1. Based on what the data block shows, is ILE192 in contact with a Gly (Cβ under 7 Å, 6 or more places away or on another chain) and either outside any loop (DSSP other than H, G, I, E, B) or at pLDDT 95 or above (or both)?
2. Report every pair of residues separated by at least 6 positions or lying on different chains whose Cβ atoms are under 6 Å apart, first residue within region 154-177 and in contact (Cβ under 8 Å) with a residue 12 or more places away in the chain, second among the charged types (D, E, K, R).
3. Consider VAL179 carefully, then state whether it is closer than 25 Å to TYR234 by Cβ, touching a Gly at 6+ places or on another chain (Cβ under 9 Å) and crowded, with 16+ Cβ neighbours inside 10 Å.
4. With the requirement that a residue be surrounded by fewer than 19 Cβ atoms within 10 Å (Cβ to Cβ) and closer than 22 Å to PRO217 by Cβ, what does region 86-140 give you?
5. Filter region 1-55 for residues that are assigned to a loop (DSSP other than H, G, I, E, B) and within 16 Å of the ligand (Cβ to nearest atom); which is surrounded by the most Cβ atoms within 10 Å (Cβ to Cβ)?
6. Which of the following residues is in contact with a helix residue (DSSP H, G or I) (Cβ under 8 Å, 6 or more places away or on another chain) and of a type in the set (D, E, K, R): LYS166, LYS158, LYS127?
7. Which residue out of VAL148, VAL156, VAL87 is outside any helix (DSSP H, G or I), more than 20 Å from LEU28 (Cβ to Cβ) and among the β-branched types (Val, Ile, Thr)?
8. Looking at (1) of a type outside the set (D, E, K, R); (2) within 10 Å of the ligand (Cβ to nearest atom); (3) crowded, with 19+ Cβ neighbours inside 10 Å, which one does LEU196 not meet, given that it meets all the others?
Amino acid sequence: MSWDLKNKTAIVTGGTKGIGWSIANELLQLGAYVIVIARNNDDMTNRIAEWHSKGFNVKGIKADITAYDTYESILNQIDLPAIDILVNNVGGNFPKKFLEYTYNDIQSIFNLNLFSNIQFTQVLFNKLKAANGAVIINISSIAGLEDVGTGSMYAVCKAAIIQLTKSLAIEWAPYSIRVNSVAPWFTSTNRINSMLQDQSLENFVISNTPLKTIASPDQIAHAVAFLAMESSAYITGETIVVDGGFSALRKV
Ligand SMILES: NC(=O)c1ccc[n+]([C@@H]2O[C@H](COP(=O)([O-])OP(=O)(O)OC[C@H]3O[C@@H](n4cnc5c(N)ncnc54)[C@H](OP(=O)(O)O)[C@@H]3O)[C@@H](O)[C@H]2O)c1
């Protein structure tokens, strides 16, 4: 079995920045045709141009994954009858104390981290089934397994992604669709790097990470790439934590 993704087709939501960019980049390097979805026009244009200049087979669709009325337009731009790999990567957070979340805050966090994942996966079902051996990889978080001070709403969504991964893995196994998840700990995207300017936060992360470094987005992408390959064909319903040993560390 070859350790590549030649002749595979993939969709990566949020593939222009951070972890999503690294995932798209890695799938391209492994030979897949990749469709990335994100909102910002300039970022999309620049990323696609960079990848095209390297000879990669890539397409960008500019869309807000939480705007459910645009899904028909997204589907029309996916010029393929079958999709082998779906990476539901879009997510984000604005932490608050529980009593401070307004109804709109809750809707917004759930739309970005959970509902869009569910709805987008639903509309892609026929294309995933048509691949006859597709895989879905959901990006969760260590915050979905333990309280790490992210605020409760993000944590609830990321925990739900882990359970969704298990439940859907069972429900869609008859269609040969595997469903797995990757749960990163702090990862050095631009967004996180600016948070880590706060020395006390950086110290907290490093002191709770046995490997004593912050993950790079590529280190998350490597786990995603493995789950996307036929080499992981017997793995479904699983969440791989990529956390430098954080979850294994004795906390007392
Ligand atoms: N970084 C970490 O430390 C960390 C740790 C654990 C889990 N995670 C999870 O990993 C995933 C990626 O995080 P990240 O830190 O890499 O995020 P990021 O750097 O903020 O990048 C987010 C990507 O998603 C796109 N995006 C955001 N909202 C979107 C929307 N509504 N529709 C379409 N595209 C959208 C962004 O592009 P546009 O703005 O142009 O749309 C960008 O390409 C998230 O699910 C996050 O919860 C991250």
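1. In short, no.
2. TYR175/LYS129
3. yes
4. GLY92, ASN93, PHE94, PRO95
5. The residue in question is GLY15.
6. Going through LYS166, LYS158, LYS127 in turn, the sole match is LYS158.
7. After applying the criteria, what remains is VAL148.
8. (3)
The values are calculated or read from the model by the stated rules, or taken from the named source; none is laboratory data. In this text, all values refer to a predicted model and were calculated from it rather than measured experimentally. Note: ideal-geometry Cβ built from the backbone for every residue, glycine included; neighbour counts use all protein chains shown.
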